[in-house]
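Notes to accompany the following structure.
The values are calculated or read from the model by the stated rules, or taken from the named source; none is laboratory data. Model, not experiment: these values are computed from the prediction. Every residue, glycine as well, gets a Cβ built from its backbone with ideal geometry; the counts of neighbours run over all protein chains shown. Remember, those area values only see protein heavy atoms, side chains included, never the ligands or the DNA or RNA. Shrake-Rupley method; radii C 1.70, N 1.55, O 1.52, S 1.80 Å.
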Amino acid sequence: MFPERGEEPVRVVRTRWPSYQPMVLVVIAFALGVFLDRELDLNGCVAFVLAWTCLVAWCFCFRRQSNDGGLTESRVTGSRERIGSTILLVGLVFAGVFWHHGRWNWFGVGEIGRFASGTSIPCCVDATVISEPRWMLADERSNQDRPEDSARTRLTVRVNRIRDGEQWIDAGGIADLVIHTFTKHVKSGDQIHVFGRLVASSPPSNPGQFDFQAYFRAESKLAFLHVYQADSVQVMMRTLVVERRFLSSLRQRLNELTWTYVDHQEAGLASAILLGNREQLSRKRRDVFLETGTVHLLAISGLHVGILAGSFFLLFRIGLLSRRRCLWLTILFVVFYAWLVEFRPPVSRAAILVTLFCLGRLWGENHFSFNLLAIAGWVVLLINPSDLFGLGPQLSFLAVATLTFGREWVFWPPPIDPVKRLIASTRPWPVRCFNWMGRQLRTAILVSGLIWIVSMPLVAFRFHLIAPIALVVNPLLLIPIAWGLFGGLGVLVFGWFLPPAAYLSGWFCERNLALIEWIIGAAQAVPASHLWTAGPSGVALAVFYLGVFLFAVYPPSRLPGRWIAGLALGWLVFGWLVPSQVARYVDRHSDKPLICTFVDVGHGSCVLMQLPDGRNLLYDAGSLGAADYAARTIAGVLWSEQIERLDAVVLSHADVDHFNALSNLAHRFSIEVVYVTQQMEASDSPAVKELWVALEECGVSRELVAAGDELFVDSAVGMKLLGPPRNGIVGNDNANSLVLLLEHLGRKVLLPGDLERAGLDRLLDSNPIDTDVVMAAHHGSQNSQPEAFMRWATPEYVVISGGSQRVTDRVIRKFEPTRREVARTDVDGAIRFSVDRRGVRFERWESEPWR
């Protein structure tokens, strides 16, 4: 492993990067077709005909070219080559259009998604299980829980029939079956009878929200089946296919071995990195990896497969096998490993890359070229063209492409002076070992830094996160993650027949995984270890990666290092940082409208107010569901508007569905001040006290306000508080809700929180206000006296912010006697009102998404 005394190190001869990379153009053309069809929804049949037409034309050009001969025909031949190549590339564009269009749009007549809608309905289906059940750990559970303590079981089924009354209708398609309890009685290949509820996957209901509908549609899943009791899933017949029964038992047994021989504190993480069961980790633990730039460790990525494949290759070589046989055995191992984990997308991509690398070595290719990378990309797109838009595939291929291009600087050190090399060879072996480890550490740091720099804009654009600490953490984790994988493999192998060795391997795996989590936890606590950002615009991102692509594959575009550094700095300043600052300056010095966006957070409340002078405020920030979900939803809305700073947050009262997302938001955004009532400040609710602690940790101040106070008196928008009085009102928290009235250009918007009872009576006893937009008090409940409140406020628009189970037809009818527009966040998604000199403009996200 280390150079011996007097041994001449092997020098690597640097070669010029090959200019002929035909597969790069092929995969670019095919990917362009996929992209155009996703954006423009082109005609797939026309694309199919045009693709074949181009293929025939290319064959004609190729045949004519092969018949031409002689030096006098060289110019004509070259022209035909260019024409033929152009026709072929155009044909590949149309092929990409057709291939994506078919996968994205063409579903069978009996597709289960055609029976589903946005509202869940009871159903009874016959289906075949086509995946292993995956245990999903509930976020509120502790890290020590076993799978048996998790909340849900998830598996994929192929639907065969669906019952319509007393008749059965042939159906098809695949769907995810979610059993809201733990179960082990269902296995892959089983024929099952399901009594549950059918619901279609929903599009995003807010700007900036993750599009789960597109995500599952890319996997050909248009619907979900939900079952709340394990007995509602009946196994009608076990699979008779020996391979399926063996594989099902094997996968389940391997996961059980992991939880048996690895300490429960780290068993979930071990199952994630070995078997891809990331669902067995709580979101809180996954977020720690995300914030330190190490989330790739939780997916079986190229790093994991590369470590295992490289180790097995060396193991085979120790057995005195030939290099050729070792490469073939490594390919077989990688394919077997991908098969073992059900060819999940991250593993499949990594297996394709490693397999092509080994085949390249067999064919005499010493390095992973762009040609091989393009072939791998084409294979991935043929398997699923929607992977072009997935963040996982984008980061995987970006990392490999970065290392492929930068290998000269990373893996090939500059030549060493012969005298210095001779002196180094005479050093004692401990010094040589130390120098060798230093070189390996340098390589690891360069690899980590190069990948981080190139992928940082994409990560910031998609995750809205920059993690500089990853530059330090990722090199430190290479050895623990490798040893953890080796220990985990020992568990999976020895757990069948040698328990003592399995326990020892489990202990070794657990110690390394615990070290990984300790390093990541310590890194997360470092100040400025990660920064939340709105990220660059889509145009700036495209410009950046177009420049990187040209620099990598088009040698004439390669400028000196100082020019490259200057261009990168210029892009960072003028493509990312300056535009957002210019936009804020323009907002503060232009006549913009008042924009109020009612965010769909389920049963809860959140209103984003964008003032004409560029200031941004939130009225409430919470949901009755999970606080993390509400925080991610609100953060997505803010980032979609390029908002990174909130000038104020107004909290109406001390109910959790109005504030539980704020502590999370305070860690992601700069918040100037939080306005609260005296009653909420004095609340003894544990949730309120936790919020005060979180705000103090983030340096966010609080100010007490009451009826009669005005906010931002220097603003063009009047912001007056109508309640409660400073000493409060006798009653519950709802009665003491903070009521905010906004007035701009004669138009009024009223936000009453959960106002009811004595607090509402006090407001109704005051002079009526002719408003334009009103948020229904207390989500439109009867306690908020909707009829009397509507007569007092006389609004043109009413917004009900509530969950679909809470807002019923009876609630809607309370607001319909008068001629007013009633909007619901559970149906319409986010709702936006723009107030300017022309009046009030009303938009629904579900029906007319805004940019």
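In the set (1) in contact (Cβ under 8 Å) with a residue 24 or more places away in the chain; (2) more than 30 Å from GLN440 (Cα to Cα); (3) open to solvent by less than 60 Å² (accessible area, probe 1.4 Å), ALA501 fails one condition alone, (1). The one condition from (1) under 30 Å from PHE461 (Cα atoms); (2) open to solvent by less than 10 Å² (accessible area, probe 1.4 Å) that LEU177 does not meet is (1).
Okay, residues lined up against (1) part of a helix (DSSP H, G or I); (2) among the β-branched types (Val, Ile, Thr); (3) under 22 Å from ILE273 (Cβ atoms):
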{"site": "ILE352", "(1), (2), (3)": "yes, yes, yes"}
{"site": "LEU359", "(1), (2), (3)": "yes, no, no"}
{"site": "LEU372", "(1), (2), (3)": "yes, no, no"}
{"site": "ILE375", "(1), (2), (3)": "yes, yes, no"}
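Of the residues TRP483, TRP496, TRP507, the single one that is at pLDDT below 90 and closer than 30 Å to ALA267 by Cβ is TRP496. Tally the residues that are within 18 Å of ALA630 (Cβ to Cβ) and either assigned to a helix (DSSP H, G or I) or open to solvent by 20 Å² or more (accessible area, probe 1.4 Å) (or both), restricting the search to the stretch 194-210. Matching residues across the stretch 194-210 total 5. Restricting the stretch 620-648 to residues that are open to solvent by 50 Å² or more (accessible area, probe 1.4 Å) and of a type in the set (A, V, I, L, M), the residue that is farthest from MET680 (Cα to Cα) is ALA626. For the stretch 678-703, the set of residues classified as part of a loop (DSSP other than H, G, I, E, B) and either modelled with pLDDT of 95 or more or among the hydrophobic types (A, V, I, L, M, F, W, C) (or both) consists of ALA682, CYS698, VAL700, listed by residue number. Out of (1) in a loop (DSSP other than H, G, I, E, B); (2) at negative phi, what's the single condition that is false for TRP259? If we test TRP259 against (1) in a loop (DSSP other than H, G, I, E, B); (2) at negative phi, just (1) comes out false.
Applying the selection to the stretch 324-350, what residues are more than 22 Å from GLY364 (Cα to Cα) and either among the β-branched types (Val, Ile, Thr) or under 22 Å from the mean Cα position of the chain (by Cα) (or both)?
VAL341, GLU342, PHE343, ARG344, PRO345, PRO346, VAL347, SER348, ARG349
A residue that is in a loop (DSSP other than H, G, I, E, B), open to solvent by less than 20 Å² (accessible area, probe 1.4 Å) and closer than 30 Å to LEU465 by Cα occurs nowhere in the stretch 302-309. Being in contact with a Gly (Cβ under 9 Å, 6 or more places away or on another chain) and either in a loop (DSSP other than H, G, I, E, B) or open to solvent by 30 Å² or more (accessible area, probe 1.4 Å) (or both) is a property that does not hold for TRP563.
Of the residues making up the stretch 721-746, those that are basic (Lys, Arg) and at pLDDT 95 or above number 0. The residue that is farthest from SER640 (Cα to Cα), counting only those in the stretch 474-498 that are open to solvent by 70 Å² or more (accessible area, probe 1.4 Å) and touching a residue at least 24 places away in the same chain (Cβ under 8 Å), is TRP496.
One residue stands out in the stretch 211-234 among those that are outside any strand (DSSP E or B) and small (Gly, Ala, Ser): the one that is surrounded by the most Cβ atoms within 10 Å (Cβ to Cβ), namely ALA218. For first residues located in the stretch 516-531 and closer than 18 Å to GLN265 by Cα, partners that are assigned to a loop (DSSP other than H, G, I, E, B) and open to solvent by less than 50 Å² (accessible area, probe 1.4 Å) and lie 6+ apart or on another chain with Cβ distances below 7 Å form the pairs ILE520/THR292; ILE520/THR294.
The rows are residues; the columns are (1) closer than 30 Å to TRP845 by Cα; (2) of a type outside the set (Asp, Glu); (3) part of a strand (DSSP E or B); (4) open to solvent by 60 Å² or more (accessible area, probe 1.4 Å).
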position: THR153; (1), (2), (3), (4): no, yes, yes, no
position: VAL159; (1), (2), (3), (4): no, yes, yes, no
position: MET236; (1), (2), (3), (4): no, yes, yes, yes
position: THR239; (1), (2), (3), (4): no, yes, no, no
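Selection over the stretch 262-301 of residues that are open to solvent by less than 50 Å² (accessible area, probe 1.4 Å) and not in a helix (DSSP H, G or I) gives a count of 11. As a summary of the residue check, LEU356 satisfies the conditions (1) open to solvent by less than 30 Å² (accessible area, probe 1.4 Å); (2) in contact (Cβ under 8 Å) with a residue 24 or more places away in the chain except for the one numbered (2). Only residues that are closer than 17 Å to THR294 by Cβ, among the aromatic types (Phe, Trp, Tyr) and not in a helix (DSSP H, G or I) were counted in the stretch 497-531, giving 0. A Cβ distance below 8 Å, combined with a sequence gap of six or more or placement on separate chains, defines the contacts here; from the stretch 447-473, residues that are free of Cβ contacts under 8 Å to residues at least 24 places away in the same chain reach residues that are among the β-branched types (Val, Ile, Thr) in the pairs MET456/ILE466. Filtering the stretch 668-677 to residues that are open to solvent by less than 20 Å² (accessible area, probe 1.4 Å) and assigned to a strand (DSSP E or B) leaves ILE671, VAL673, VAL674, VAL676.
Considering only residues of the stretch 90-107 that are touching a residue at least 60 places away in the same chain (Cβ under 8 Å) and either more than 23 Å from TRP58 (Cα to Cα) or within 24 Å of the chain's Cα centre (by Cα) (or both), which is least open to solvent (accessible area, probe 1.4 Å)? Checking each candidate, the answer is HIS100. Every listed requirement among (1) farther than 28 Å from ALA350 by Cβ; (2) surrounded by 15 or more Cβ atoms within 10 Å (Cβ to Cβ) is met by GLN167 save one, (2). If we keep just the residues of the stretch 396-430 that are part of a helix (DSSP H, G or I) and open to solvent by 60 Å² or more (accessible area, probe 1.4 Å), which is modelled with the highest pLDDT? Step by step, filter the stretch 396-430, then rank; the result is PRO430.
Could we say that PHE48 is open to solvent by 80 Å² or more (accessible area, probe 1.4 Å), within 30 Å of ALA171 (Cβ to Cβ), modelled with pLDDT of 90 or more and in contact with a helix residue (DSSP H, G or I) (Cβ under 9 Å, 6 or more places away or on another chain) here? Spelling it out, PHE48 is indeed open to solvent by 80 Å² or more (accessible area, probe 1.4 Å), within 30 Å of ALA171 (Cβ to Cβ), modelled with pLDDT of 90 or more and in contact with a helix residue (DSSP H, G or I) (Cβ under 9 Å, 6 or more places away or on another chain).
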